[in-house]
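The next block holds one structure in the form of structure tokens; read it before the comments.
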Amino acid sequence: MVKNVDHDSRRRAVLSATIDKHIRQANPVASEDIAEYFDLSPATIRNIFAELEDTGYLTHHHTSGGRIPTDKGYRYYVDFLVLQMSLLEGEKNNIIREFKKEIRRLEDALEETSGLISQITHYAGIVSFLGWQDKMFYKGLSRILDQPEFKDSQKIKLLIELIEDKRNLLEIINRDFNDRVKVYIGHELGRPEMENCSLVVSSYRRKNKPQGRLAVLGPVRMEYSHIIPALEYISEVLSEALENIEQ
């Protein structure tokens, strides 16, 4: 009896497993690494890798090396493959506890939020306020620079200049979008100095009106399945907290 194989489903599963492993380890992923997750030989995985590379979802640096995801691969991962996105109750409780601290000034609340985002996500946390032109709060830049993607001193210099200039970064963060969370991956940011970065953005509200944006800036190889629900939840809790804070 011949087994029916859903090749598309198998390719998607291999792509998802490859990206998950690359996110965790930051190294190219070998066929042997993925074969252990499936009842398939490394040779079969290499064939699937080749198909995924031909269609632009994976790439490689060396002929004999493992594969790494492309921006297109990450985009497909975020849009279709990251299905189970939720926060642990302990993380939710930590976020709620931070916002229960007595904060009377809006500026203090937004600065605290940028630190909380960085603490929860382990990347840079950014908060903008629509009423304050060219002003934003950010914490955790050093967390980005610790990532292996940012060992090039010139790339680090350009990224720091972009963040400190603020206007260009705010222009990206404040772009219009309709979803609860918007994810910009690598080249989608439209800035050469950010080609190794992803930016996850969410809106927060006050009295049911948009007030500003929260964002996580990190490497393209970020843990989207954790970052996206974390930012969504922080946006919700901040929106509630702002009801009791004077501007």
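Each reported figure results from applying straightforward, stated rules to the coordinates on display, with no laboratory input. Every value quoted in this text rests on a predicted model; they were computed, and no experiment measured them. Quick reminder, even Gly has a Cβ in these numbers, built from the backbone with ideal geometry, and neighbours come from all protein chains shown.
Figures for the structure shown
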{"item": "First in segment 135-163 and of a type in the set (Phe, Trp, Tyr), second anywhere and assigned to a loop (DSSP other than H, G, I, E, B), Cβ under 6 Å, 6 or more apart", "result": "none"}
{"item": "Identity of the residue in segment 8-26, farther than 14 Å from Leu58 by Cβ and within 20 Å of the chain's Cα centre (by Cα), that ends up surrounded by the most Cβ atoms within 10 Å (Cβ to Cβ)", "result": "Ala26"}
{"item": "Residue check for Ala35: surrounded by 13 or more Cβ atoms within 10 Å (Cβ to Cβ), hydrophobic (A, V, I, L, M, F, W, C), within 28 Å of Ile19 (Cα to Cα) and over 18 Å from the mean Cα position of the chain (by Cα)", "result": "yes"}
